[in-house]
Amino acid sequence: MGKSTVAALMCDALIFRGEKRIAIVDGDATTADVTRRYGAHAASSAVIGLADPSEKERAINKLLDYIAQVHLDVDAIVVNLPATASETVDPEAEIIRQTLEDLDLEPRIVYSASNNTVAFEALKQSFKQGLARACEKRLALAPAFLRDDGLLKLLQKVVPDAAEFERLPADTYALIQQHATIPMYHLALGNHPDALKSPIQRIRISGWTQRGIKTLAPVLEDVMGAYGRHTAAAQQAAREPVRAA
């Protein structure tokens, strides 16, 4: 699962389970798949081209202006960064951090990691001196289908806050992609007019989103409120051994 899937899950969790007002920014104008799916359900949304290094100053200025404009009206702002963020966003990490601090905002970051050597090195640099370094709450995710490559163990050497991210079955993922404008929450909700007809597929999506939210608890828990505290408590209970009475 890639970064857009993770960003979509965050939007799904905050809007429909946490009942939060959010703003969404898609950083790659060529796809904009998160705003396409959740923009109509967000308090605000924007597509800001952060992918082109030659345009990074203009784009980052536009991003920071947008955040300043909407932050008082929302509970959270989800930014789906492009794959080239290491070239466009990370070099300006200190400016971004200072701007957000002036707005009394706390940046958080979730990386969807890859076993690609160049991409993994960029992740390491971000945690060392880029945007990830500026965030107290941060998480690196290893897609489960890369388990055999030992990606999670490599991530844990870079950042302790690393976890495995479950993969959806291919047919379920394909159905979600086919319904590109419908939130995953609605696809899985049996009595919703946009719900998938197959109960099996609905159950798969519902279970996957709930488990995914638990995985994202380190960065979502306090923003999600009561729902976030519930999922975090369940996650902690799952880690504790069962003791006989």
Exercise. Where residues in the stretch 28-48 are within 20 Å of residue 89 (Cβ to Cβ) and not small (Gly, Ala, Ser), which of them is most open to solvent (accessible area, probe 1.4 Å)?
Worked result: 30
For this session: Would you tally the residues in the stretch 49-66 being buried (at least 21 other Cβ atoms within 10 Å of the Cβ) and in contact with a strand residue (DSSP E or B) (Cβ under 8 Å, 6 or more places away or on another chain)?
Result: 1
Exercise. Within the stretch 71-83, can you find the residues that are crowded, with 19+ Cβ neighbours inside 10 Å and more than 25 Å from residue 118 (Cβ to Cβ)?
Worked result: 76, 77, 78
Exercise. Quick one: in the stretch 84-114, which of the residues that are touching a Pro at 6+ places or on another chain (Cβ under 9 Å) and polar (S, T, N, Q) is surrounded by the fewest Cβ atoms within 10 Å (Cβ to Cβ)?
Worked result: 84
Seminar exercise, completed: Picked from the stretch 115-144 (must be open to solvent by 70 Å² or more (accessible area, probe 1.4 Å) and assigned to a loop (DSSP other than H, G, I, E, B)), the residue nearest to residue 60 (Cα to Cα) is 136
For this session: Looking at (1) of a type outside the set (S, T, N, Q); (2) under 17 Å from the mean Cα position of the chain (by Cα); (3) closer than 16 Å to residue 111 by Cα; (4) open to solvent by 20 Å² or more (accessible area, probe 1.4 Å), find the lone condition where residue 21 falls short.
Result: (3)
For this session: Please go through the stretch 171-188 and pick out each residue that is open to solvent by 30 Å² or more (accessible area, probe 1.4 Å) and either assigned to a helix (DSSP H, G or I) or among the acidic types (Asp, Glu) (or both).
Result: 171, 173, 174, 175, 177, 178, 185
For this session: Count, please, the residues in the stretch 142-185 that happen to be more than 25 Å from residue 196 (Cα to Cα) and in contact with a Pro (Cβ under 7 Å, 6 or more places away or on another chain).
Result: 1
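For the structure I just gave you, tell me whether residue 165 is over 19 Å from residue 13 (Cα atoms) and of a type in the set (Phe, Trp, Tyr). It would help to see each step written out before you state the result.
Numbers: over 19 Å from residue 13 (Cα atoms): no; of a type in the set (Phe, Trp, Tyr): yes.
Taking the combined requirement at face value, the residue does not satisfy it.
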For this session: Considering each residue of the stretch 145-170, count those that are assigned to a helix (DSSP H, G or I), surrounded by fewer than 16 Cβ atoms within 10 Å (Cβ to Cβ) and in contact (Cβ under 8 Å) with a residue 24 or more places away in the chain, and give that number.
Result: 1
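The values are calculated or read from the model by the stated rules, or taken from the named source; none is laboratory data. Keep in mind that what you see is a predicted model, and the values were worked out from it rather than measured. So basically every Cβ, Gly included, is an ideal-geometry build from the backbone, and we count neighbours across all protein chains shown. In case anyone asks, the SASA skips ligands and DNA or RNA and just uses the protein heavy atoms, side chains included. Shrake-Rupley method; radii C 1.70, N 1.55, O 1.52, S 1.80 Å.
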